[in-house]
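Everything below concerns the one structure shown next.
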Amino acid sequence: MSRDGGPAFPVQNREFMEAYGGFPGMALRDYFAGQALAAIIGKLDLCGVNPPTGTGATGHSIASRIDIMAAVSTGAYHYADAMLAARMTDDELTRAVSE
């Protein structure tokens, strides 16, 4: 298994692969990270759209929101890596960690 989990939606159609330069599509790691990110941001209020106080403001500056978003995005990839690791056998996991 590749470190990124291989393609999320593998394509077996030769004509399609040739038309798109052999690109297999989104990596499974990116797909897992996107799914984790959707769940995480569903629980956050960074834009003030649904403020818990009802005041219309989150109390976060633009800079701090960007920092939070970067941390959340990184966290989503940590979840994706954990999901990929959960799919590996012990030998595959040992090889991946040592690379």
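The values are calculated or read from the model by the stated rules, or taken from the named source; none is laboratory data. This one's a predicted model, so the numbers in the text were calculated from it and none came from an experiment. In this analysis, Cβ positions are derived from the backbone assuming ideal geometry, glycine residues included, and neighbour counts consider all displayed protein chains.
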Checklist entry - Just wondering, is there one or more residues in region 32-42 that are over 16 Å from Ala80 (Cβ atoms) and modelled with pLDDT of 80 or more? => result yes
Checklist entry - How do the pairs read when you match residues in region 82-94 that are of a type in the set (Asp, Glu) with residues anywhere that are outside any helix (DSSP H, G or I), using Cβ under 8 Å and keeping only pairs 6 or more apart or on different chains? => result Glu92/Met1
Checklist entry - Looking at region 71-85, is at least one residue under 23 Å from the mean Cα position of the chain (by Cα), at pLDDT below 70 and closer than 25 Å to Gln35 by Cα? => result no
